[in-house]
1. Only Lys, Arg, Asp and Glu count, each charged at its Cβ (+1, +1, -1, -1), so figure out the dipole size of the chain about its Cα centre, rounded to 20 debye.
2. Quick one: what are the phi-derived ³J(HN,Hα) couplings along segment 8-22, Karplus 6.51/-1.76/1.60 with θ = phi - 60°, whole Hz, x for glycine and proline?
3. Taking the Cα atoms of segment 244-283 alone, what are Rg (to one decimal) and Dmax (as a whole number) in Å?
4. Could you pull out the longest piece of the chain with no exposed loop GluC sites (Glu not before Pro) in it, calling a site exposed if DSSP puts it outside H, G, I, E, B and it has at most 15 other Cβ atoms within 10 Å?
5. Please report the spacing between the Cα centers of segment 1-59 and segment 246-284 in Å, no decimals.
6. Looking at the chain, what % of its DSSP beta bridges pair antiparallel, to the nearest 5?
7. I need to check one value: relative contact order of segment 2-60, counting alpha carbon pairs closer than 8 Å and at least 6 residues apart, in percent.
8. Just for the Cα atoms in segment 1-107, what are the lengths along the principal axes, largest first, rounded to whole Å?
Amino acid sequence: MVIIMEKRASEEQVRQVVAYAQGMGLKAHVLGTEDRTVIVLIGNTHQVKVSHMPGVSGVVTIPYSFKLASRQFHSQPTMVTIGDVVVGGGKPIVIAGPCAVENRDQILESAYQVKAAGAHMLRGGAFKPRSSPYSFQGLGEEGLKLLDEARRQTGLKIVSEVVDPVNLSMICEYVDVLQVGSRNMQNFHLLRELGRTNKPILLKRGMSATIEEWLMSAEYILSAGNSNVILCERGIRTFEKYTRNTLDLNAIPVVKDLSHLPVIVDPSHGVGIARYVPAMSMAALAAGADGLIIEVHPRPNEAASDGQQSLTPQEFAQLMHRLQGMMAQFTNT
Ligand code: PEP
Ligand code: MN
């Protein structure tokens, strides 16, 4: 439920409505829109009666189950700032690096090469959620230390996945952006814990999740108090077998209509085959994505995970060149 205050409502009147809602066990988020204050109530609002309260102009029941993620009462796009990188500010950003951190040379080489090609942040998994328990699971904290060294040497901010709330506070000491993987999009316990941190969250779409379910997962993080959420479309499972997933580019304009949160695209997992990654990267930016996250490995055929979809540094540099040309064309027209 959203309570719309009168244009001239006083701070005291807003405080009274919030106190009333909290007294009923609800969470109240106060948002300032262009010309008035609105109060978003989270919880069971069936018994709420506020129309008569001083300063209240009206009450709206939101048709979607995601309220804080909705654009309805938050028309301005959210910008997530990570150091000097802004996601959602109108200029697409690129995150690049290997699927997993494997050793010091590999991650440092990757970091220097993606930086030279123009990437804005470095990715690398230290905790890997693998389909098989026998596959490489990542270097854990050792991998995070190597990412930290790569950041110190190159200045690139770090994006890395968290799979378990147990080591969340330890991971927070190393990374700039916490990635939630596709397999964990509906790990609600993890999402709530992430909502209590102040780190930007990269929330990947579950491989079988609808857009609404994905936005509901964002809602878990937002409603727990963290407003720095970046959505990431990474392909969904369909009947198609020539590609690893089907990159749902429909999701970009649809989510941008429904939500104020920035949306980036992962063409590497979306298509799963390196030679198709450039085309899907360009398509994602043409569709309005706020950025890309791309797997790059110095020697893809030796990669411990996802080598088949990883670009070489040279291929990545060529792609960045094409993307920059494409973006310049967009801004010239
Ligand atoms: C990854 O980014 O390497 C990864 C495991 O992605 P996803 O969760 O989208 O499969
Ligand atoms: Mn991967």
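1. Dipole size: approximately 400 debye.
2. For segment 8-22, the Karplus curve yields 9, 4, 8, 4, 5, 5, 5, 4, 5, 5, 4, 5, 4, 5, 5 Hz.
3. Rg and Dmax of segment 244-283, Cα atoms, are 10.9, 32 Å.
4. It runs 35-172.
5. Comparing the Cα centres of segment 1-59 and segment 246-284, I get a distance of 37 Å.
6. 40
7. 50
8. On the principal axes, segment 1-107 reaches 66, 28, 26 Å in Cα extent.
No lab work stands behind these numbers, since they all come straight from the coordinates. Everything numeric in this text was worked out from a predicted model, so none of it was measured. Every residue, glycine among them, receives a Cβ derived from its backbone with ideal geometry; neighbour counts consider all protein chains shown.
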